[in-house]
1. Quick check: is even one residue across the stretch 9-22 assigned to a loop (DSSP other than H, G, I, E, B), of a type outside the set (A, V, I, L, M, F, W, C), surrounded by 14 or more Cβ atoms within 10 Å (Cβ to Cβ) and out of contact with any Phe, Trp or Tyr (no Cβ under 6 Å at 6 or more places or on another chain)?
2. Considering LYS45, LYS21, LYS62, LYS28, which residue is of a type in the set (Lys, Arg) and either on the phi > 0 side of the Ramachandran plot or touching a Pro at 6+ places or on another chain (Cβ under 7 Å) (or both)?
3. For the structure I just gave you, tell me whether GLU2 is without any contact (Cβ under 8 Å) to a residue 12 or more places away in the chain, among the acidic types (Asp, Glu) and open to solvent by 60 Å² or more (accessible area, probe 1.4 Å).
4. Within the stretch 48-71, count every residue that is among the charged types (D, E, K, R), part of a helix (DSSP H, G or I) and modelled with pLDDT under 95.
5. Name, by its number, the condition in (1) surrounded by fewer than 16 Cβ atoms within 10 Å (Cβ to Cβ); (2) in contact with an Asp or Glu (Cβ under 6 Å, 6 or more places away or on another chain) that does not hold for LEU40.
6. What do you reckon, is LEU12 of a type in the set (A, V, I, L, M, F, W, C) and over 16 Å from ILE68 (Cβ atoms)?
7. Would it be correct to say that LYS62 is of a type outside the set (Val, Ile, Thr) and open to solvent by 60 Å² or more (accessible area, probe 1.4 Å)?
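The values are calculated or read from the model by the stated rules, or taken from the named source; none is laboratory data. Keep in mind it's a predicted model, so treat the numbers as computed, not measured. Heads up, the Cβs are rebuilt from the backbone with ideal geometry, glycines too, and the neighbour counts pull from every protein chain shown. Side chains included, ligands, DNA and RNA excluded: accessible areas come from the protein's heavy atoms. Shrake-Rupley method; radii C 1.70, N 1.55, O 1.52, S 1.80 Å.
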Amino acid sequence: MERTEEITARALLLVGQDRYKLVMMVSKRAEQLSNGAEPLIKADKNKQKFTDIALLEIAEGKVRLESITDC
């Protein structure tokens, strides 16, 4: 299993090394998951933290900033 540091490094690459942007994206996506959104990756919402699922979704390119911001 991939370590959190490795997942974070991959996610940072996708957001231009902007830690603030990554934190905001993880926060917003975790909130969506906690409100009933289905994970975009294979994950068990009962066994994994919403923030971990969100981070992995971002690292895998499944979630982009545009897809989680309010219009």
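1. no
2. Answer to the check: LYS45.
3. So GLU2 passes the test.
4. Of the residues in that region, 1 qualify.
5. So LEU40 meets the others, but not (1).
6. yes
7. In short, yes.
A quick yes/no check of all residues on (1) in contact with a helix residue (DSSP H, G or I) (Cβ under 9 Å, 6 or more places away or on another chain); (2) of a type outside the set (Gly, Ala, Ser):
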| residue | (1), (2) |
| --- | --- |
| GLY16 | no, no |
| LYS21 | yes, yes |
| MET24 | yes, yes |
| SER27 | yes, no |
| GLN32 | yes, yes |
| PRO39 | yes, yes |
| LYS47 | no, yes |
| ALA54 | yes, no |
| GLY61 | yes, no |
